[in-house]
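**Student:** Have a look at this one before I ask anything.
The values are calculated or read from the model by the stated rules, or taken from the named source; none is laboratory data. On a predicted model such as this, the values are computed, not experimentally measured, just so you know. Virtual Cβ from ideal backbone geometry, glycine too; neighbours counted across all protein chains shown. Remember, those area values only see protein heavy atoms, side chains included, never the ligands or the DNA or RNA. Shrake-Rupley method; radii C 1.70, N 1.55, O 1.52, S 1.80 Å.
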Amino acid sequence: MAEELHPNRRANFSSGALAGPANGLTKPPASLASKTGASKKLVIKNFKDRPKLEDRYTEETWLKLEEAVGAIQSSTSIKYNLEELYQAVENLCTYKVSPKLYRQLRQVCEDHVKAQIHQFREYLLLVRMERCWQDHCRQTIMIRSIFLFLDRTYVLQNSLLPSIWDTGLELFRTHIISDRAVQTRTVDGILEQIERERNGEAIDRSLLRNLLSMLSDLQVYKDSFEQKFLMDTNRLYAAEGQRLMQEREVPEYLHHVARRLEEENDRVITYLDQSTQKPLITTVEKQLLGEHLTAILQKGLDSLLDENRVTELALLYQLFSKVKGGLSVLLQHWKEYIKNFGGTIVGSPEKDKDMVQELLDFKDKIDHIIQTCFQKNESFLNAMKESFENFVNKRPNKPAELIAKYVDSKLRAGNKEATDEELERILDKIMIIFRFIHGKDVFEAFYKKDLAKRLLVGKSASVDAEKSMLSKLKHECGAAFTSKLEGMFKDMELSKDVMIQFKQNQSDPGNIELTVNILTMGYWPSYTPMEVHLPSEIYLQPFHNVINMYKTVVALCR
């Protein structure tokens, strides 16, 4: 019997022409080996003729294997050792019984799977379906472990034959899940569980994960489940979007949409197939956002911006960026808001006193929103600049005049509102607003007049701040724009030097304090001639002293 179970393992050993025992092993006499002092090389040869397999062996072996498969399918103990069964399969395959063995195994598995369908015909419990599937997978794995030699030789060499595992999937798909009634009840049961979860009920997520994994493994997931699931999802959120838009304010609605999207993503992670994620999220976004983009913005964007609700604005931008065309709609409403809000600041004469400060505050607010909520989107930044330029110039010349007056108030002596660093930041912000105005020549006229007053009367808060502002204007508008303003500073420096020399050269200063500024006519604003009233002390002073002082100054200027 040992020869039958292991027909290929008998060997014939020979050495030269020596004859030996029947077991095929020969060796030289001990006396000869000792004389030569060398070991002999053993040569293993195959059988010249393969021993024949008894007819009854194939049938008996198959009965053992069939009995073992039946025990696995009925979840009872197997009489035989698994190694013995594996060896039996190998022996049958070695003797070219593989085709018959494969057919017999498939038939046994198919008969067993067909017998399972009756429990799902009339009444279907998802738990029962899951248990049946799990048992089927476990049984297929154990059966394959016994018939592994068959799977790795005969099946692998025949590309048209499915593996034992694939055969198990095919049989389950053909005889159970492809049954129209069974499939419908299974999918409807899964959809019912998902709907209950969406309504806030607790469900067995692991059950759904196993069942949907079953549909995916059986390659019926998309056709049998996903299409119905997406249709139900579309119908659910279409109705929900309409209802919530009427019942809730925009901030609450946005948070609800974000929560729904998070829930659906969690479903994909927990039990849905990954391939469902994109169409699922697209469906939810379309029904809760895409169909209501304009309505959301008309209903709540202005209030979100007015109240500076940065959290909701960031959420709004994030959600709209997910929907096709969402950012374009948001951008248009963003531009309209800036134009309308800024227009009320500039277009109201009663607000002229605080116009520039309100513009600066509004600009800071808009910049913060772009930075924090709109992810520094270049399109929103450009739209802001375009909108500012639009509304600032709707009232010609007035913003330019008020900006010049505002700068004067900040640079005038006695202004204790800000430190040098803060004043520099204020001037930078003013220059941003200045860029938007078209009437820069109007600004120059008012700025020159106020600058002349600050310089001549000595009321400038800081020479450094004055020159810093001048440098900013030069950088923005060019050297031609600031050439006269720079000339005014040169005149003041020259006048200061002349007065120092005058006092140094004065032999008898007396009690008269004389200050003379030498001004270049083209640099300074023109003033209306006016009558000068000299102080009475000038008449008490000897006249020739005044004449001498005047001559000295003139001489120094030359």
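**Student:** Can you list residues whose amide H is under 5 Å from SER460's amide H, if they're 5+ apart or on another chain and H is modeled 1.01 Å from N?
**Tutor:** ALA413
**Student:** Please report, as a whole percent, how much of the solvent-accessible surface of region 154-221 comes from carbon and sulfur atoms (probe radius 1.4 Å).
**Tutor:** Heavy-atom surface of region 154-221 belonging to carbon and sulfur, 1.4 Å probe: 43 percent.
**Student:** Among the lysines, which fall within straight-line cross-link reach of LYS41, defined as a Cα-Cα distance under 25 Å, with same-chain neighbours fewer than 8 residues apart omitted?
**Tutor:** Cross-link targets: LYS27.
**Student:** On to the next question. At 1.4 Å probe size, what's the solvent-accessible area of ASP361? Round to the nearest 10 Å².
**Tutor:** 80
**Student:** In addition: Along region 447-456, what does the Karplus equation 6.51 cos²θ - 1.76 cosθ + 1.60 (θ = phi - 60°) give for ³J(HN,Hα), rounded to whole Hz, x for Gly and Pro?
**Tutor:** Once θ is set to phi - 60°, the couplings for region 447-456 become 5, 5, 4, 6, 5, 4, 5, 5, 6, 6 Hz.
**Student:** Using a Förster distance of 25 Å, how high is the FRET efficiency between ASP420 and ALA314, based on the Cβ-Cβ distance and rounded to 0.05?
**Tutor:** 0.10
**Student:** Could I ask something else about it? Kirkwood Rh over alpha-carbon pairs of region 383-471, then Stokes-Einstein at 10 °C and 1.306 mPa s: what D in µm² s⁻¹, rounded to an integer?
**Tutor:** The estimated diffusion coefficient comes to 117 µm²/s.
**Student:** Probe radius 1.4 Å, ligands and nucleic acids left out: which of HIS256, HIS438, HIS475 has the largest accessible area, and how do the rest follow?
**Tutor:** Ranked from most to least accessible, the order is HIS475, HIS438, HIS256.
**Student:** Within region 389-473, list the GluC sites (Glu not before Pro) lying in a DSSP loop whose Cβ has at most 13 other Cβ atoms in a 10 Å radius.
**Tutor:** Passing sites in region 389-473 are GLU417.
**Student:** Going highest first, how would you order 202-210, 340-348 by mean Cβ packing within 10 Å?
**Tutor:** Descending packing order for the listed peptides: 340-348, 202-210.
**Student:** Continuing with the same structure: Give me the net charge for the shell around LEU304: Cβ to Cβ below 13 angstrom, other residues only, Lys and Arg +1, Asp and Glu -1.
**Tutor:** My count for the surroundings of LEU304 gives -3.
**Student:** Can you compute log10 of I(q)/I(0) for region 50-111 with the Debye formula, treating each Cα as one identical point scatterer, at q = 0.29 Å⁻¹?
**Tutor:** -1.39
**Student:** Got a sec? Charge dipole of region 150-272, +1 on Cβ for Lys and Arg, -1 for Asp and Glu; which of TRP165, LEU212, LEU261 is way out at the positive end?
**Tutor:** Value computed over the given set: TRP165.
**Student:** Using a 1.4 Å probe on the protein chains only, how many percent of the accessible area of region 437-504 belongs to carbon and sulfur?
**Tutor:** Result for region 437-504: 54 percent of the exposed heavy-atom area is carbon or sulfur.
**Student:** Ratio to report: Rg/Rh of region 203-322, with Cα atoms as the point set and Rh obtained by the Kirkwood method; give two decimals.
**Tutor:** 1.06
**Student:** Run a plain Debye calculation on region 305-361 (Cα atoms as equal point scatterers, no solvent) and give log10 I(q)/I(0) at q = 0.15 Å⁻¹, rounded to two decimals, same order as the q list.
**Tutor:** -0.57
**Student:** To the nearest 20 Debye, how big is the dipole of region 112-215 about its Cα centre, given +1 on the beta carbon of each Lys and Arg and -1 on that of each Asp and Glu?
**Tutor:** With only Lys, Arg, Asp and Glu charged at Cβ, the dipole is about 220 debye.
**Student:** If I ignore ligands, DNA and RNA and count only protein heavy atoms, how much of ARG144 is accessible to a 1.4 Å probe, in Å² to the nearest 10?
**Tutor:** 80
**Student:** Continuing with this model, one more query. Net charge around LYS278, counting only other residues with Cβ within less than 14 Å of its Cβ (Lys, Arg = +1; Asp, Glu = -1)?
**Tutor:** Here the charged neighbours net out to +1.
**Student:** From largest accessible area down, sort GLU350, GLU197; use a 1.4 Å probe on the protein chains.
**Tutor:** Solvent-accessible surface, decreasing: GLU350, GLU197.
**Student:** Same structure, new question: Which value, in Å to one decimal place, does the Kirkwood hydrodynamic radius take for region 140-215 when every pair of different Cα atoms is included?
**Tutor:** Across region 140-215, the inverse of the average 1/r is 14.9 Å.
**Student:** Between beta-carbons, use under 12 Å as the cut-off and find the net charge around LYS322, counting Lys and Arg +1, Asp and Glu -1.
**Tutor:** Around LYS322, the charge tally is +2.
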